[in-house]
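In what follows, a single structure is set out as structure tokens and then discussed.
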Amino acid sequence: MSGLIRVAIIVILALLLYRFVKRWLNTLEQNKQKNAPSTKGKVENMVRCEFCEVHLPQNEAIRHNGRWYCSEQHYRQSKQQP
């Protein structure tokens with residue numbers, strides 16, 4: 001009979017340890033999400049490439065003579081068009 005009690009105690013302790021570790025890992029994950037940089041609320045101006053008309057963030061675009069381009073290649077190609 002004492003063997004059965006011993007097994008029951010070990011199972012209960014294992015379950016308590018499992019719940020404790022699971023709760024601890026969830027807390028770590030929540031803290032990581034709270035500390036992660038949020039893109040929410042950050043708005044960037046979008047501009048349109050004069051050559052292909054794709055919209056892209058202004059900080060990624062290239063500006064020549066007041067016009068926006070998505071790449072140097074499109075800037076060069078737009079100069080070649082009549």
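The values are calculated or read from the model by the stated rules, or taken from the named source; none is laboratory data. Everything numeric in this text was worked out from a predicted model, so none of it was measured. Counting neighbours? That spans all protein chains shown, and the Cβs are built from the backbone with ideal geometry, glycine included.
This table checks each residue for (1) under 30 Å from ARG67 (Cβ atoms); (2) surrounded by 10 or more Cβ atoms within 10 Å (Cβ to Cβ); (3) small (Gly, Ala, Ser).
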site: VAL21; (1), (2), (3): no, yes, no
site: ASN26; (1), (2), (3): no, yes, no
site: LYS34; (1), (2), (3): no, no, no
site: GLU44; (1), (2), (3): yes, yes, no
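Checking each residue in the stretch 61-82 for being surrounded by 12 or more Cβ atoms within 10 Å (Cβ to Cβ), in a helix (DSSP H, G or I) and among the charged types (D, E, K, R) picks out only ARG76.
To keep it simple, each residue is scored yes or no on (1) modelled with pLDDT under 90; (2) under 30 Å from GLU72 (Cβ atoms); (3) touching a helix residue (DSSP H, G or I) at 6+ places or on another chain (Cβ under 6 Å).
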position: PHE20; (1), (2), (3): no, no, no
position: THR27; (1), (2), (3): no, no, no
position: GLN33; (1), (2), (3): yes, no, no
position: THR39; (1), (2), (3): yes, yes, no
position: VAL43; (1), (2), (3): yes, yes, no
position: MET46; (1), (2), (3): no, yes, no
position: PHE51; (1), (2), (3): no, yes, yes
position: VAL54; (1), (2), (3): no, yes, no
position: PRO57; (1), (2), (3): no, yes, no
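Of these, VAL47, VAL21, VAL43, VAL7, which one is assigned to a strand (DSSP E or B) and either under 23 Å from the mean Cα position of the chain (by Cα) or not basic (Lys, Arg) (or both)? Explain how you work it out, then say what you get.
On the way: VAL21 fails: assigned to a strand (DSSP E or B); VAL43 fails: assigned to a strand (DSSP E or B); VAL7 fails: assigned to a strand (DSSP E or B).
It is VAL47.
For the residues GLU60, GLU72, GLU50, GLU44, the requirement of being touching a Lys or Arg at 6+ places or on another chain (Cβ under 6 Å) and among the acidic types (Asp, Glu) singles out GLU50.
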